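Asker: First the structure, then my questions, so here it is.
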Amino acid sequence: MEPVSWQDEQDGSGFWSVVGYQDVLTVSRNVEVFSSSKGIRLEEMSDDETSARRTMMELDPPEHTAYRRLVSKPFSRKAVYAYEAAIRALASAVLDDALAETSFDFVDRIAKELPMRMLGALLGVSSDDGPWLVEQGDALLGNTDPEFTTHPVGLVDTDEFRLMPFRSPAGIRLFEYAQRQARARRRQPSNDVISDLLRPKLDGEELTEHEFNNFFTLLVAAGNDTTRYTMTAGMKALIERPEQLAELRDAGVRGDDVLVASAVDEILRWGSVTMHFRRTALTDTELGGRQISAGDKVVIWFISADYDDTQFPDPFTFDIHRSPNAHVAFGLMSPHLCLGAQLARMEIKILFEELLPRLADVRFDGEIARLRSNFIAGIKRLPITVTPA
């Protein structure tokens, strides 16, 4: 396959498909030429749709930088380290519940539960609201899967929701929920992410209601689904490779943080859950020997870059010892580096540290089901049977 190639679209203007590692980095880092402002997905939006659905992901520097400054504090390395004990306690509780049975769906009972409970704790919302929030997030990121939404894009008419995130009615419900939470925090601020987002910064800047609604919706979607699917990809890979599962279990028990961190990175590369992002060329330029015109859509395939054999020797071999492992799962040092990267790493690390020592054996126990999506590479069901240690 050519590293940069033109792809026609049935219902769009077509796009440049960028699959090579170095070219993906070039596009993601060169924000002066490749813009996020026209949208980050293949869908072509009108100006009013773009404005209504804009989050920090659809902003370019310096606007993106300013917005990121307003919302980044709860997701900093320092903040995430402070969450470690809470995440470990939540993981232990999740595993206590799940491992009371010997056969269950890993996604439903473990991979969905831990990020969901942590998201609820960060937002400061009732634990009873967690399943509902995850359901709405599924409807957003799973907006092409009829199992997750009553309005799957491409299968039914979603034009009435074109101003909502992901063209989904879930956006309406989440906006209303976000405003109820905002009103409650303004009456009685708390030590949670919502209160922090609403609090004016030192220079007086604060999020508008529209910005808050869209960012809250982004948090709900990204705060569970991508971490859940990465955990599941990791669990599947380890079940298929019991010798590496045993090695990672032993590393966690003896406190080998280097190997555990290496395994987390390989799980992130292997899963490469967010398959692509789109940019729009602002000027005529050259990429990979091809001439790109201003206005062209340029789609960078993270999932391909993470399997590029010029960067990752033997890329289709899962190896918890892989080093170096400069995967692009989080954006790799681009201005759009995933805001929740530190939190996701921590959750994945702690889950496997807590889970694997509890297992004497684990095997597949039924058909694996995948999300219907060309945006998110997700396993939505992973039935397993376990023998407790």
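The values are calculated or read from the model by the stated rules, or taken from the named source; none is laboratory data. Here the structure is a predicted model, which is why all the values come from computation and not from measurement. Ideal geometry is used to build each Cβ from the backbone, glycine not excepted, and the neighbour counts take in all protein chains shown.
Asker: When you scan the range 44-79, how many residues do you find that are surrounded by fewer than 17 Cβ atoms within 10 Å (Cβ to Cβ) and farther than 29 Å from LEU122 by Cα?
Answerer: Residues flagged as surrounded by fewer than 17 Cβ atoms within 10 Å (Cβ to Cβ) and farther than 29 Å from LEU122 by Cα within the range 44-79 amount to 4.
Every residue, every condition in (1) within 23 Å of LEU337 (Cα to Cα); (2) touching a Phe, Trp or Tyr at 6+ places or on another chain (Cβ under 8 Å); (3) assigned to a helix (DSSP H, G or I); (4) at pLDDT 90 or above, yes or no:
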residue: ASP196; (1), (2), (3), (4): yes, no, yes, no
residue: LEU202; (1), (2), (3), (4): no, no, no, no
residue: GLU205; (1), (2), (3), (4): yes, no, no, no
residue: PHE212; (1), (2), (3), (4): yes, no, yes, yes
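Asker: For the structure I just gave you, tell me whether PHE364 is of a type outside the set (Gly, Ala, Ser) and at pLDDT 95 or above.
Answerer: yes
Asker: Next question. Is it the case that LYS38 is surrounded by fewer than 20 Cβ atoms within 10 Å (Cβ to Cβ), out of contact with any Ser or Thr (no Cβ under 9 Å at 6 or more places or on another chain) and among the basic types (Lys, Arg)?
Answerer: Details: surrounded by fewer than 20 Cβ atoms within 10 Å (Cβ to Cβ): yes; out of contact with any Ser or Thr (no Cβ under 9 Å at 6 or more places or on another chain): no; among the basic types (Lys, Arg): yes.
So LYS38 fails the test.
Asker: Which count do you get for residues in the range 66-81 that are part of a helix (DSSP H, G or I) and modelled with pLDDT of 90 or more?
Answerer: Of the residues in that region, 6 qualify.
Quick grid of which residues meet (1) within 30 Å of ILE350 (Cα to Cα); (2) within 21 Å of the chain's Cα centre (by Cα); (3) in contact (Cβ under 8 Å) with a residue 40 or more places away in the chain:
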| position | (1), (2), (3) |
| --- | --- |
| GLU9 | no, no, no |
| SER37 | no, yes, yes |
| PRO62 | no, no, no |
| THR65 | no, yes, yes |
| PRO74 | yes, yes, yes |
| ALA82 | yes, no, no |
| ASP97 | yes, no, no |
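Asker: Select from the range 170-187 the residues that are under 19 Å from ARG54 (Cα atoms) and buried (at least 18 other Cβ atoms within 10 Å of the Cβ) and list them in ascending order.
Answerer: ALA170, GLY171, LEU174, PHE175, TYR177, ALA178
Asker: Let me ask something else. With respect to ILE384, determine if the residue is closer than 26 Å to GLY142 by Cβ, of a type in the set (Val, Ile, Thr) and in a helix (DSSP H, G or I).
Answerer: no
Asker: Just to be sure I understand, how many residues within the range 267-308 are among the acidic types (Asp, Glu), part of a loop (DSSP other than H, G, I, E, B) and in contact with a strand residue (DSSP E or B) (Cβ under 9 Å, 6 or more places away or on another chain)?
Answerer: 2
Asker: Oh, and also: How many residues, within the range 284-298, are loosely packed, with under 12 Cβ neighbours inside 10 Å and not acidic (Asp, Glu)?
Answerer: Of the range 284-298, the ones loosely packed, with under 12 Cβ neighbours inside 10 Å are 286, 289, 291, 293-294.
Next, only the ones that are not acidic (Asp, Glu) stay: 289, 291, 293-294.
Residues flagged as loosely packed, with under 12 Cβ neighbours inside 10 Å and not acidic (Asp, Glu) within the range 284-298 amount to 4.
Asker: With the requirement that a residue be in contact with a Lys or Arg (Cβ under 8 Å, 6 or more places away or on another chain) and within 23 Å of GLU243 (Cα to Cα), what does the range 325-351 give you?
Answerer: Those that are in contact with a Lys or Arg (Cβ under 8 Å, 6 or more places away or on another chain) and within 23 Å of GLU243 (Cα to Cα): ASN325, ILE350.
Asker: Output yes when any residue across the range 316-333 is part of a loop (DSSP other than H, G, I, E, B) and touching a strand residue (DSSP E or B) at 6+ places or on another chain (Cβ under 6 Å), and no when none is.
Answerer: No.
Asker: Moving on. Among the numbered criteria (1) surrounded by fewer than 17 Cβ atoms within 10 Å (Cβ to Cβ); (2) closer than 25 Å to PHE75 by Cα, which one does TRP270 miss?
Answerer: So the condition that TRP270 fails would be (1).
Asker: Go through the range 105-156 and report how many residues are more than 19 Å from the chain's Cα centre (by Cα), assigned to a loop (DSSP other than H, G, I, E, B) and acidic (Asp, Glu).
Answerer: Count: 1.
Asker: In the range 87-119, what count of residues is obtained for those that are farther than 18 Å from ARG228 by Cα and either among the small types (Gly, Ala, Ser) or modelled with pLDDT under 95 (or both)?
Answerer: 2
Asker: Okay, moving on. Can you tell me which residue is surrounded by the fewest Cβ atoms within 10 Å (Cβ to Cβ) among those in the range 1-34 that are closer than 14 Å to LEU287 by Cβ and of a type in the set (Gly, Ala, Ser)?
Answerer: SER5
Asker: Shifting gears a bit: Might you check whether a residue that is surrounded by 19 or more Cβ atoms within 10 Å (Cβ to Cβ), charged (D, E, K, R) and in contact with a helix residue (DSSP H, G or I) (Cβ under 8 Å, 6 or more places away or on another chain) occurs anywhere in the range 229-241?
Answerer: Taking every residue of the range 229-241 in turn, none turns out to be surrounded by 19 or more Cβ atoms within 10 Å (Cβ to Cβ), charged (D, E, K, R) and in contact with a helix residue (DSSP H, G or I) (Cβ under 8 Å, 6 or more places away or on another chain).
Asker: Considering each of THR149, THR102 in turn, give the residue that is within 23 Å of LEU174 (Cβ to Cβ) and either buried (at least 23 other Cβ atoms within 10 Å of the Cβ) or touching a residue at least 24 places away in the same chain (Cβ under 8 Å) (or both).
Answerer: THR149
Asker: Which one of the conditions (1) basic (Lys, Arg); (2) buried (at least 20 other Cβ atoms within 10 Å of the Cβ); (3) within 21 Å of ALA246 (Cβ to Cβ) does ARG322 fail to meet, given that it meets all the rest?
Answerer: The one condition ARG322 does not meet is (2).
Asker: Check whether at least one residue in the range 190-197 is small (Gly, Ala, Ser), crowded, with 23+ Cβ neighbours inside 10 Å and either farther than 21 Å from PRO74 by Cβ or in contact with a helix residue (DSSP H, G or I) (Cβ under 8 Å, 6 or more places away or on another chain) (or both), and report yes or no.
Answerer: No, the range 190-197 has no match at all.
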